[in-house]
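Student: One structure follows; several queries about it will come next.
The values are calculated or read from the model by the stated rules, or taken from the named source; none is laboratory data. Just so it is clear, the model here is predicted, and its values are computed rather than measured. Backbone-built Cβ (ideal geometry, glycine too); neighbour counts: all protein chains shown. Note: accessible area is taken over every heavy atom of the protein model, side chains too, but ligands, DNA and RNA are not part of it. Shrake-Rupley method; radii C 1.70, N 1.55, O 1.52, S 1.80 Å.
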Amino acid sequence: MQEVNSKFEVYYFPIKARAEPIRLILAFAKANWDNKNVGNWAEEKTSTKGLLFKQVPMLIETTATGEENRLVETGAIIRYIARIFKLGNKEVFKNSLLDSYFEGLYEIFCKVISIPFMTKEKEKIPELIKEDHLVKNFLVYNEDILKSNGSNGYYMGNELTYVDIVAYCLLDNYVTFTGLSLSDVKGIYPNLVKVYENVSKNEDIIAYKNSSKCLA
Ligand SMILES: N[C@@H](CCC(=O)N[C@@H](CS)C(=O)NCC(=O)O)C(=O)O
């Protein structure tokens, strides 16, 4: 893993949601990082430096020489971390293919985390997610991608990349919001569950999940 001497802060609401894949990837990268929670959003939305679109998450990096970098947009943040910690692929095309996988996963991720916020009838959330066409189709397409890599529980080659961590986070949300067990999901999306299992075994992910940085 690449040595990076920066300190990172994940500026977001004190919940998992959209910041969680960023937190997981920083943990997997063994980065020096912490949460920086939004306090008074109405005030911070307009007064906080670097919030280009007045939305969070934002990554705040303080480099070893004291320079500060602020980055918004989840995809840009994740790709930046993946690039500096080398969590993608050395070959330019293969790395861009990983970016395509990421974009497809992020599309479903956004849908899965937004349905519970948009639905008034909370008891309908599990079915709405399970039956959502975009979610269903894209999960099947991800099964195909994983089959084409030999059904080994990795998106590319035979080691974890940042995309596997994002898929793990997506599946975590899918299981939480549908109420399905992992073995139920294994019957429908076996290759995605293999990715989930591979990421779950990673010691840095385990340490993060057991730490106080991991929010409820
Ligand atoms: N395209 C952005 C969307 C960010 C976004 O929707 N952030 C929400 C929280 S999940 C937000 O800041 N909401 C508060 C607001 O818009 O005032 C990304 O992918 O990071």
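Student: I need the P(r) histogram for the range 92-200: all alpha carbon pairs, bin width 10 Å from 0 out to the longest distance, whole percents.
Tutor: In order of increasing distance, the bins hold 15, 50, 28, 7, 0 percent.
Student: Taking the convex hull of the alpha carbon atoms in the chain, what volume per residue do you get, in Å³? Present the calculation step by step, with values, prior to reporting the outcome.
Tutor: Numbers: hull volume 28.5 nm³, N = 216.
Taking only Cα atoms, the chain has a hull volume of 132 Å³ per residue.
Student: Right, something else. Checking understanding here: applying a Kyte-Doolittle mean of at least 0.5 and a length along the axis of at least 30 Å (C-alpha), which whole DSSP H helices in the chain pass?
Tutor: Working: long enough: 92-118 (38 Å, 0.74).
For the chain, where a helix must reach 30 Å along its axis and average at least 0.5, the hits are 92-118.
Student: Ok, one more. Show me, bin by bin at 5 Å from 0, the whole-percent P(r) of the range 154-216 based on Cα pairs.
Tutor: Taking all Cα pairs of the range 154-216, the binned fractions are 4, 17, 27, 25, 18, 8, 1 percent.
Student: Still on this structure, please answer the following. Between the DSSP loop rule and a limit of at most 13 other Cβ atoms within 10 Å, which trypsin sites (Lys or Arg not before Pro) in the range 45-80 are left? Before the final figure, lay out each step's value.
Tutor: Working: sites: 45, 49, 54, 70, 79; in loops: 49, 54.
Those that pass, being in a loop and sparsely packed, are 49, 54.
Student: Count the DSSP beta bridges whose two residues both fall in the range 1-141, then state the antiparallel fraction as a percent rounded to the nearest 5. List each step's numbers first, then the result.
Tutor: On the way: 10 of 16 bridges.
The antiparallel proportion sits near 60 percent.
Student: Convex hull over the alpha-carbon atoms of the range 1-122: what's its volume per residue in Å³? Walk me through the numbers on the way to the answer.
Tutor: On the way: hull volume 14.8 nm³, N = 122.
For the range 1-122, the hull spanned by Cα atoms encloses 122 Å³ per residue.
Student: What accessible area per residue comes out for the chain, rounded to a whole number of Å², with a 1.4 Å probe? Mind showing how you got there, number by number?
Tutor: Details: 10890 Å² over 216 residues.
That works out to 50 Å² per residue.
Student: Now for a different question. How high is the relative contact order of the range 92-200, in percent, with contacts defined as C-alpha pairs under 8 Å that are six or more residues apart?
Tutor: Details: 112 pairs, mean separation 34.4, N = 109.
Relative CO of the range 92-200 lands at 32 percent.
Student: Still on this structure, please answer the following. Given +1 on the Cβ of Lys and Arg, -1 on the Cβ of Asp and Glu, and no further charges, what dipole in debye does the chain carry about its Cα centre, rounded to the nearest 20? Don't jump to the answer; show the numbers that get you there.
Tutor: On the way: 27 positive and 28 negative charges, 33 e Å.
For the chain, the charge dipole is close to 160 debye.
Student: Show that you can apply the helix-only estimate: for the chain, add -39,500 (n - 2.57) for every DSSP H stretch of four or more residues, divide by all residues, and state [θ] at 222 nm to the nearest 500.
Tutor: One gets -17000 deg cm²/dmol as the mean residue ellipticity at 222 nm.
Student: Still on this structure: Which one of 142, 190, 208 is farthest out on the positive end of the charge dipole of the chain, using unit charges on Cβ (Lys, Arg +1; Asp, Glu -1) and the Cα centre as origin?
Tutor: 208
Student: Next question, about the same structure. As an exercise, identify the GluC sites (Glu not before Pro) in the range 4-85 lying in DSSP coil whose Cβ has no more than 10 other Cβ atoms within 10 Å.
Tutor: Numbers: sites: 9, 43, 44, 61, 67, 68, 73; in loops: 67, 73.
Listed in order of number, the matching sites are 67.
Student: Could you point to the residue in 66, 25, 35 farthest towards the positive end of the range 8-90's charge dipole, with +1 and -1 charges on the Cβ of Lys/Arg and Asp/Glu respectively?
Tutor: 25
Student: If you put +1 on each Lys and Arg Cβ and -1 on each Asp and Glu Cβ, how big is the dipole of the range 92-200 around its Cα centre, in Debye rounded to 20?
Tutor: Values: 10 positive and 15 negative charges, 18 e Å.
With Lys and Arg at +1 and Asp and Glu at -1, about 80 debye.
Student: Still on this structure: Just to be sure I understand: with springs between alpha-carbon atoms less than 10 Å apart, which residue in 106, 154, 80 has the highest mean-square fluctuation in the Gaussian network model of the chain?
Tutor: Largest GNM mean-square fluctuation: 80.
Student: Do any chymotrypsin sites (Phe, Trp or Tyr not before Pro) in the range 1-73 lie in a loop, going by DSSP, with at most 13 other beta-carbon atoms within 10 Å of their beta carbon, and if so which? Each step should come with its number before you reach the end.
Tutor: Details: sites: 8, 11, 12, 28, 33, 41, 53; in loops: 53.
Within the range 1-73, the qualifying chymotrypsin sites (Phe, Trp or Tyr not before Pro) (loop, at most 13 other Cβ atoms within 10 Å) are 53.
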